[in-house]
Amino acid sequence: MRIEPAHRLAPLLRWPFLLALGLLILNDAVLKSAWHNAFTGKLSDFAGVFAFAYFWAVAIGRGRMAVHVAVGLAFVWWKSSWSTSAIDAWNGLPLFDVARVVDYGDLWALAVLPLSWWCLARGAQPNPRDGVTPAWPQLAVAAIALVAFTATSRPLTTMTIKGGVVYLVPLSPEQMLQRSRDYLYDERHDPELYPVGFDWSDCAVTAEFELHSADAMTQMTLRKFTSRSCDIRDAKPAELFLAMQPELRSRLGARLLQPYAMPNHTELEARYGGPPRCCEADEEVEAAKP
């Protein structure tokens, strides 16, 4: 029996694919911004690998095993340093930028590929209803899936701190790592730096620090602010510093070292709120405006 191209997409209306696609969209659009922890960082990988392999196996219509193997190899390439040159070349084009973090822990998501293949094989027998179901629901789901696969997260905006803003924490680096395990698995931060998340003007911002052990204490040097929730290149550094202070005090007991004390907002604004003499944003955009 010949299956019409539209009705060939009928497996996209089955609950395993709809569940995976729904989790992918919900996580990328809502959960990552709300919680940005280890769970939300990995959920998109697991849901995305399942849905992507399932979708293309259905769309191609043959060679389900070959499609799943190809998706697995492509995911390994994407999550490794091998894809860096291709990403750099793409970002050099006058199109949208793409980004990813090299994290081999994400490769655990490949474990869902056998499940995707099994779900398709289990439903391989033609369903009598597939020939009478209108084609538009299948095409609509396919269109939504393509958008979900190709949609990128909000671009990461960065404000780099040139001056030495140093904090002292009454904890060892090991104790600090234990207190911030969720942030350490957040795909948004530089793995070489220590992240501290805080809220500023209804958006999530991450301050990233370089750590240096000082006996039983730790010296933290602020290197940059990053955010995907909003464009912090338009923020005044003084506002970010003030919003960050409560989180540093409550979580780590951090205090500023002299001579970088910031006793009031006026002095902060005078020191960090002007043109980028001490601070600059990526892409040669002013980090702060008077």
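The values are calculated or read from the model by the stated rules, or taken from the named source; none is laboratory data. Small disclaimer: the values here were computed from a predicted structure and weren't measured. A quick note on method: Cβ atoms are made from the backbone with ideal geometry, for glycine too, and the neighbour counts reach across all protein chains shown. Areas reflect the complete protein model, heavy atoms only, side chains present, ligands, DNA and RNA absent. Shrake-Rupley method; radii C 1.70, N 1.55, O 1.52, S 1.80 Å.
Shown in residue order for the stretch 202-218 are the 3J(HN,Hα) couplings computed by the Karplus curve 6.51 cos²θ - 1.76 cosθ + 1.60 at θ = phi - 60°: 6, 9, 7, 10, 10, 8, 10, 10, 9, 9, 9, 6, 10, 6, 8, 10, 9 Hz (x for Gly and Pro).
In this structure, T160 and W77 have a Cβ-Cβ separation that, at R0 = 41 Å, corresponds to a calculated FRET efficiency of about 0.85.
Accessible surface ranking for V102, V67, 1.4 angstrom probe, highest first: V102, V67. Taking a straight line from the alpha carbon of K42, these lysines sit under 26 Å away, with near neighbours fewer than eight places off in the same chain left out: K32, K79, K224. Each residue of the stretch 50-55 is assigned a 3J(HN,Hα), and the resulting list reads 4, 5, 5, 5, 4, 4 Hz, derived from the Karplus form 6.51 cos²θ - 1.76 cosθ + 1.60 (θ = phi - 60°), x at Gly and Pro. Rounded to the nearest 10 square angstrom, T84 shows an accessible area of 50 square angstrom against a 1.4 Å probe. For K162, the amide hydrogen comes within under 5 Å of the amide hydrogens of C279, E280, counting only partners 5 or more places away or on other chains and with H modelled in the peptide plane. The figure for E247 is an accessible area of roughly 50 square angstrom, using a 1.4 Å probe on the protein chains alone.
In plain terms, the chain from A143 to A29 could stretch by 39.3 nm, reckoned as 0.36 nm per residue minus the Cα-Cα distance.
Here the simple spin-label model places points 7 Å from the Cα toward Cβ, and for M65 and L257 these points are separated by 6.1 nm. Here's how it looks for W200: its modeled amide H is under 5 Å from those of V205, which are all 5 or more places away or on a different chain. Using the Karplus relation 6.51 cos²θ - 1.76 cosθ + 1.60 with θ = phi - 60°, the per-residue 3J(HN,Hα) values for the stretch 102-107 come to 6, 9, 6, x, 5, 5 Hz, with x marking Gly and Pro. Note on T150/Q245: beta-carbon distance plugged into 1/(1 + (r/R0)^6) with R0 of 35 Å gives a FRET efficiency of 0.30.
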